[in-house]
Every structure is written in structure tokens, then in C-alpha cells.
Amino acid sequence: QVQLVESGGGSVQPGGALTLSCEVSGGRFGIDAIGWYRQAPGKERELVAHIPNGGSTKYADSVKGRFTISRDNAKNTAYLQMTNLKPEDTAVYYCHAEVDYDTGDIAGTYRWTELWGQGTLVTVSS
């Protein structure tokens with residue numbers, strides 16, 4: 001089954017940096033779009049960054065100029081480079097992807113689905 005595995009979370013001081021990674025695996029598939037959402041205690045989940053296949057990247061206003069999303073198609077992996085981290089960036093970060101995958105039920109037939117990673121905690125404090 002197609003799945004996402006993300007890593008890279010941790011604890012840093014304000015102004016520090018972290019890089020998150022998200023790898024898609026599990027059979028034949030194509031990634032239409034991939035990105036990260038985050039959720040802090042008591043707050044709703046929000047989109048942080050998004051990179052579609054062949055499209056323009058998108059960022060939440062609060063992270064523009066500090067975060068950079070990229071993807072390595074050969075490795076089926078996306079990266080979120082986070083710099084100048086602030087306490088308000090503290091949250092659980094969830095990778096999310098839109099993929100077309102082959103279930104194997106019918107040869108040559110791909111189906112669309114959404115995938116979520118397990119989440120990784122980022123803590124920014126002094």
C-alpha cells in the first residue's frame with residue numbers, strides 16, 4: 001500500500017533551523033502534489049507549504065521568506081527547509097500528498113488518493 005514516511009522534527013532555539021523530509025513509497029505511483037500542514041495545541045490544522053507537479057510553490061504568509069519546499073522526483077521525496085524558526089512555529093507537522101497509484105486490480109489503471117504522514121514534532125523555545 002502506498003504510504004508516506006516523514007522525519008526531521010526536533011527541538012531548536014529561536015533563530016535555528018531544521019529540515020523535514022517526506023518519502024512516498026509502496027508500489028507504482030505518481031505524485032501530483034506534496035506538502036506539509038501543521039497543527040499546534042488548541043489550533044486548527046493549517047497549510048504550511050505545497051508544491052504541485054509542474055506548478056508554483058505555495059506558502060503560508062507566516063512562513064514566507066523563512067521556509068523552502070522542494071522535491072526530488074528520483075527519490076520520491078520532498079523536503080521542507082525551515083530557517084529563522086520562531087516559537088510560534090512549534091507544532092506537529094504532517095506531510096500530505098496527492099498521488100495516482102496502481103492497485104494491481106486492473107493492469108494499467110491508476111487511481112487518485114490522498115495520503116498523510118504520521119506527523120513529526122517541531123519545538124522552538126529558548
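Residues in the stretch 2-18 that are under 17 Å from P87 (Cα atoms), open to solvent by 40 Å² or more (accessible area, probe 1.4 Å) and not hydroxyl-bearing (S, T, Y): Q13, P14, G15, A17. In the stretch 17-41, the residues that are without any contact (Cβ under 8 Å) to a residue 24 or more places away in the chain form Cβ pairs under 9 Å with partners that are open to solvent by less than 10 Å² (accessible area, probe 1.4 Å), at six or more places apart or across chains, as follows: P41/A91. Scan the stretch 69-80 and tell me whether some residue there is within 17 Å of G10 (Cα to Cα) and among the charged types (D, E, K, R). The answer is no, given that none of the residues of the stretch 69-80 is within 17 Å of G10 (Cα to Cα) and among the charged types (D, E, K, R).
Take W116 and decide whether it is open to solvent by 60 Å² or more (accessible area, probe 1.4 Å), touching an Asp or Glu at 6+ places or on another chain (Cβ under 6 Å) and in contact (Cβ under 8 Å) with a residue 24 or more places away in the chain. In short, no.
Being part of a loop (DSSP other than H, G, I, E, B), free of Cβ contacts under 8 Å to residues at least 60 places away in the same chain and either small (G, A, S) or touching a helix residue (DSSP H, G or I) at 6+ places or on another chain (Cβ under 8 Å) (or both) is not true of S126. For W116, state whether it is at pLDDT 95 or above, over 17 Å from the mean Cα position of the chain (by Cα) and at negative phi. So W116 fails the test.
The values are calculated or read from the model by the stated rules, or taken from the named source; none is laboratory data. It should be emphasised that the depicted structure is a prediction, and the values quoted were computed from it without experimental measurement. For neighbour counting, all protein chains shown are included, and Cβ atoms are generated from backbone atoms with ideal geometry for every residue, glycine included. Note: accessible area is taken over every heavy atom of the protein model, side chains too, but ligands, DNA and RNA are not part of it. Shrake-Rupley method; radii C 1.70, N 1.55, O 1.52, S 1.80 Å.
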